[in-house]
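Trainee: I have a structure I would like to understand better, so I am pasting it below and will then ask my questions one at a time.
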Amino acid sequence: MCHVSQVVLINDYQKQRFVERIIDAMFNTISGKKIAILGFAFKKDTGDTRETPALDVCKGLLGDNARLSIYDPKVCLAVSSQQCQ
């Protein structure tokens with residue numbers, strides 16, 4: 001594999017690891033629990049959500065039936081809600 005694809009694999013692993021750490025910290029279940037996501041954009045002070053790591057984290061949490069409350073003052077609600085589904 002080339003170097004770039006290895007970096008992508010590591011980044012994907014880190015996002016999944018983050019989701020697993022959240023689940024572990026909440027007594028191994030997040031089903032029905034409300035979790036706040038503070039910041040959704042790809043970069044600070046922008047509304048750009050393309051390729052944001054938060055999207056994969058949110059999808060992982062939703063996959064375990066968490067209830068998410070997403071806040072980012074630069075991202076409109078419609079964009080964050082649509083992308084998480």
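The values are calculated or read from the model by the stated rules, or taken from the named source; none is laboratory data. Given the structure is predicted, the values throughout are model-derived calculations rather than measurements. With ideal geometry, Cβ positions are generated from the backbone for all residues, glycine too; neighbour counts draw on all protein chains shown.
Trainee: Go through the residues of segment 7-21 one by one and say whether even a single one is among the aliphatic types (A, V, I, L, M), at pLDDT 95 or above and within 11 Å of the chain's Cα centre (by Cα).
Mentor: Yes; the residues of segment 7-21 include at least one that is among the aliphatic types (A, V, I, L, M), at pLDDT 95 or above and within 11 Å of the chain's Cα centre (by Cα).
Trainee: Let me ask something else about it. Filter segment 42-85 down to the residues that are at pLDDT below 90 and within 19 Å of Gln14 (Cα to Cα) and list them by number.
Mentor: Residues satisfying the conditions are Phe42, Lys43, Thr49, Arg50, Glu51, Cys84.
Trainee: Next question. Go through (1) farther than 20 Å from Gln83 by Cβ; (2) surrounded by 10 or more Cβ atoms within 10 Å (Cβ to Cβ) one by one and return the number of the condition Phe27 breaks.
Mentor: (2)
Trainee: Please go through segment 44-68 and pick out each residue that is surrounded by fewer than 11 Cβ atoms within 10 Å (Cβ to Cβ) and farther than 18 Å from Glu20 by Cα.
Mentor: Selection gives Lys44, Asp45, Arg50, Glu51.
Trainee: Which of the residues that make up segment 15-51 are without any contact (Cβ under 8 Å) to a residue 24 or more places away in the chain, on the phi < 0 side of the Ramachandran plot and not acidic (Asp, Glu)?
Mentor: Correct list: Arg17, Arg21, Ala25, Met26, Phe42, Lys43, Lys44, Arg50.
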